[in-house]
Amino acid sequence: MRRIFPLVASAVFAGGVAMSVQASAAGKPILIGLDTPIQHQVGKDTIAATKMAIDEINAKGGVLGRKLAYVVADEGVDPQLGVSAINKLTSDDHVDVLIGGYSSGVQLAEEPHIARSKTIWLGVGAASPNITALVGKHYDKYKYIFRVNPLNSALQASQIVDFATHVVKGKLHRDKVAILGESAVWVRGLVPVLVKGLEANGMKVTYQQLFDESMTDFTPLFARVKDSGAKYLLVILSHANSDVFVKQLYEARLPMPYGGIDVKSMTPNFCSRVSGAAVGETTVNFITRAPITHKTIPFWDKFVKVNGRAPVYTAPGAYNAVYLYAWAVKKAATTNADKVIKQLEKADYVGVGGKIKFNKLHDDIDGPGYQNLLFVQWQKDCTRQVVWPKSVATGKVVLPPWVSN
Amino acid sequence: MLTVLIYGAVTSAVLAMLAVGFTLIFGVARILNLSHGAFYALGAYCAYSFTTLLKLPLIVSAVLAVALVAVFGMAMERVLVRPLRQSSLAVLMITLTVALTVEQVLFVVFGSQSKNVPAFVNFPINVHGVSVDGQRLLALAIAVVLIGALWLFIQRTRLGSAILAVSQDPEAAQYMGIPANRIFTIVMGLSAALAGAAGVIAGPFLSVRPTMDQTAMITAFSVVIVGGLGSIPGSILAACIIGYSQTFVAFYLNPEWTGTVSLVAILLTLVLRPSGLMGRVVNA
């Protein structure tokens, strides 16, 4: 008996330890690491939308009996800061998944570190096609990289060509176009596709110029655009100072309508922030309060109610990414990255901005029913109207107040 | 060509407003003030806060903004710079610290997004067939008036004479009964007010962001080096040369290259005429 007691006691103790370890593993939340520029609106909305999705999922009992939680690391718009953010989240915080990104340059610097940590990364802000190209070249190493949002810049370019063909040329009867964009990785990939597409559709590019993101006086560029004989100005701006760009364009009364990608103009208060100077600008967006899917309006209304502002494009991306990851973990019945990746690759998930499906490069695809660009114009009294595509349009494109036919 | 002439004049005027204050405080107090760009940023942000957040009339906001920046400059000189003035290295470090602190405070309080300072003139003006933003023309006029007023103040008033005396020999001026320390504080206030005014009038058409002090500081520094440290006429001449060069490069070559104009000007000056266009040669 004396011999048996220690054995039984040891077994009971060992079992207790094992059970408590198991219990703590089950009780440990699934940790989401957010790498995002926290001082920018895109970063603030990434965090706000992630929190919203996590609260909703946790209210329904979490995933596999575990709650979701998140931790944030600031990646700014600086590659060095971005790499530190990824290393902190993966090495110190041991997150289960990474969600975030904004600058493509920062993202490309982070990718080797993400791959080394073998942690799934769901991108919600950066658009360069190079980000997912590595998945095709070295699948085993970079299979962890997925882009949930936005569409890559090549797809964006082809949708802008579609807009230019049908609206700029078709409705406004303007076939000479100038292009101004910031000198960034994603823009350098986009412009050649754009030029080729415009010319293939019978339009002439009279002038194109990329400028440094820190530029603050655009007047000389506007003079050149005007001198080139352009009748429409396509802009491609994300990190650049588009508040000043739009104000100076208005002050110069550049005699042509303009539009394209202007990330800061996606912000709901942009037009009032520049005292109405943006009226007439058409900019792409990824979401608006319209029944794109059955989730769009509930997401939009709740985001506005909780945060007191309308979301920018990273918000639906982050919200979708959290739900998509939760869905894949549930399907895989584990957080094991390899098994979750297999589920993500099969996903055909209805998000708030359209369905999400990944191609072989783990890049989100466009097309009917999937995520597409919406062309939204600032109109009278700084209201916004969707002017393209036709299926979701809420108004017609108009000329800026100082431009005549 | 007329476009380049007009825009060049506006750029030169804003540069001159920044550079004159910077060279004034160096000429009088031998202070190389690295927080001069921060005065420019504070002027723009004060104007934004008064007009947009406190909803004050534009003209009241502008005057208040300039006055507040002047007070900030005087307080900085009295509390932070004066105790360290014996060491030029310590002065450099404390003014750099002030610049970085102001920038970070602006980041925390206002965020990284650009702010919109309302314009006094919100319509284009036609000058011989060239449509020019009205606010830019107003900036040009205000710069000419303010620099002219400063010139008259220094040349024609008793206090101006005291400033000139202190700039030539602070100790001798002190023996003559001129309170040199008080003059330093007043000059720092004037210098800050000029930079603040530049922020208020250029804010509506240039960028208002927390990092706006950096470009302003670099440009003011290059203008002052080309003009000659401590020389007000030299700074005005250099502002015109650099302002017009930048505008010419932006319109006829590539707008991305405007930043290099200042650097090339500094390099050429240091190699060909280290004392600057109108600076004094001091033998050690």
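The values are calculated or read from the model by the stated rules, or taken from the named source; none is laboratory data. Being a predicted model, the structure only gives us computed values, none of them experimental. Cβ coordinates were reconstructed from backbone atoms using ideal geometry, including for glycine residues, and neighbour counts include every protein chain displayed. Quick note on the areas: whole protein, heavy atoms, side chains included, nothing else; ligands and nucleic acids left out. Shrake-Rupley method; radii C 1.70, N 1.55, O 1.52, S 1.80 Å.
Descriptive notes on the structure:
- Within-11-Å neighbourhood charge of A:TYR370 [Cβ basis; K, R +1; D, E -1]: -1
- Crossing angle, helix A:314-332 versus chain A [Cα axis fit, 0-90 degrees, rounded to tens]: 30 degrees
- Per-residue HN-Hα couplings for segment B:120-133 [Karplus 6.51, -1.76, 1.60; θ = phi - 60°; Hz; x = Gly/Pro]: 5, 10, 10, 9, x, 10, 8, 10, 6, x, 9, 7, 10, 4
- Its residues counted as N, segment B:141-187 yields a C-alpha radius of gyration over 2.2 N^0.38 Å of 1.26.
- Antiparallel %, DSSP beta bridges [both residues in the protein assembly as shown], to 5: 30 percent
- Each residue of segment A:93-107 was assigned a 3J(HN,Hα) from its phi angle through the Karplus curve 6.51 cos²θ - 1.76 cosθ + 1.60 (θ = phi - 60°); the sequence is 8, 6, 5, 7, 8, 10, 10, x, x, 8, 7, 5, x, 5, 4 Hz, with glycine and proline shown as x.
- Ranking A:GLY259, A:VAL392, A:GLN379 by Cα position along the charge dipole of chain A, where only Lys, Arg, Asp and Glu carry charges on their C-beta atoms, puts A:VAL392 farthest toward the positive end.
- The protein assembly as shown - percent of accessible surface contributed by carbon and sulfur, probe 1.4 Å: 63 percent
- Interface size B-A, as summed buried accessible area [1.4 Å probe, Å², nearest 100]: 2300 Å²
- Listed peptides B:198-206, A:296-304 by packing density, highest first (mean Cβ within 10 Å): B:198-206, A:296-304
- Residue-span extension gain [B:THR52 to B:LEU164] - 0.36 nm each, minus C-alpha spacing: 36.3 nm
- Projected label distance in nm at A:LYS331 and A:LYS28, using a 7 Å step from Cα toward the beta-carbon: 2.5 nm
- Computed extension gain for A:ALA69 through A:TRP402, at 0.36 nm per residue and net of the alpha carbon distance, reaches 114.8 nm.
- Cα→Cβ-extended label distance, 7 Å offset, between A:TYR349 and B:MET176, nm: 7.9 nm
- Greater than 28 Å apart at Cα, pairs in A:LYS305/A:LYS380; A:LYS44/A:LYS357; A:LYS67/A:LYS346; A:LYS60/A:LYS305; A:LYS196/A:LYS342: A:LYS196/A:LYS342
- Chain-alone versus full-assembly comparison, segment B:195-222, residues with accessible loss of at least 40 Å² (1.4 Å probe): B:LEU206, B:SER207, B:ARG209
- Stokes-Einstein D (µm²/s) once Rh is taken as the Kirkwood radius of chain B over alpha-carbon pairs, at 37 °C in 0.692 mPa s: 171 µm²/s
- Taking other residues whose beta carbon is less than 11 angstrom from the beta carbon of A:PRO257, and scoring Lys, Arg as +1 and Asp, Glu as -1, yields +2.
- The label-point distance for A:ASP93 and A:THR383, in a model that sets each label 7 Å from Cα toward Cβ, rounds to 4.2 nm.
- Residue with peak Gaussian network fluctuation, chain B [Cα springs, cutoff 10 Å], from B:TYR48, B:TYR175, B:TYR40: B:TYR175
- Cross-link partners of A:LYS355 among aspartates and glutamates, defined as those whose alpha carbon lies under 17 angstrom from its own and excluding same-chain residues fewer than eight positions apart: A:GLU345, A:ASP363, A:ASP364, A:ASP366.
- Remark: mean inter-chain Cβ contacts per residue of A:244-250 equal 4, using a 10 Å Cβ-Cβ cutoff to other protein chain atoms.
- Estimated from the Cβ-Cβ distance and a Förster radius of 25 angstrom, the FRET efficiency linking A:ASN269 and A:ASP227 is about 0.15.
- The mean number of Cβ atoms from other chains found within 10 Å of a Cβ in peptide A:207-219 is 5, as a whole number.
- Nearest-ten-degree value, helix A:153-163 long axis tilted from longest Cα axis of chain A: 40 degrees
- Highest-fluctuation residue, B:ILE31, B:ILE242, B:ILE178 considered, GNM on chain B with Cα pairs under 10 Å: B:ILE178
- Span-like helix ranges in chain B, DSSP H, alpha carbon extent 30 angstrom or more, Kyte mean at least 1.0: B:2-29, B:88-110, B:134-156, B:180-202
- Whole-percent P(r), segment B:105-169, all Cα pairs, 5 Å bins from 0: 4, 13, 11, 12, 10, 13, 13, 13, 10, 2, 0.
- With contributions of -39500 (n - 2.57) from each DSSP H run of at least four residues, the per-residue ellipticity at 222 nm computed over the protein assembly as shown stands at -17000 deg cm²/dmol.
- Solvent-accessible area per residue, Å², over chain B with all protein chains present [probe radius 1.4 Å]: 45 Å²
- A straight chain from B:LEU89 to B:LEU253 at 0.36 nm per residue would run longer than the Cα-Cα distance by 55.1 nm.
- Structure remark: mean-square fluctuation, Gaussian network model of chain A, C-alpha springs under 10 Å; the largest value among A:THR206, A:THR334, A:THR119 belongs to A:THR334.
- B:SER167 sits with roughly 20 Å² accessible to a 1.4 Å probe, with DNA, RNA and ligands left out of the calculation.
- The separation of segment B:192-222 from segment B:140-165, counted between C-alpha centres, amounts to 21 Å.
- At R0 = 22 Å, FRET efficiency that the Cβ-Cβ distance of B:VAL63 and B:VAL145 yields, to 0.05: 0.95
- With the convex hull of its Cα atoms as the shape, the protein assembly as shown has an orientation-averaged projected area of 39.6 nm².
- For chain A, the solvent-accessible area works out to 40 Å² per residue, with a probe of 1.4 Å and every protein chain left in place.
- Count Lys and Arg as plus one, Asp and Glu as minus one, and take only other residues whose Cβ is under 13 Å from that of A:GLY125; the net charge is then -3.
- In the context of the full protein assembly, A:LYS196 retains an accessible surface of approximately 150 Å², using a probe radius of 1.4 Å and ignoring ligands and nucleic acids.
- Angle between chain A longest axis and helix A:185-200 axis [Cα atoms, degrees, rounded to 10]: 50 degrees
- Under 5 Å between amide hydrogens, built in the peptide plane, is the criterion, and for A:ILE38 it picks out A:GLU75, A:GLY76 among residues at least 5 positions away or on other chains.
- Using a 4.7 Å Cβ-Cβ cutoff, the cysteines of the protein assembly as shown lacking any partner cysteine are B:CYS46, B:CYS240.
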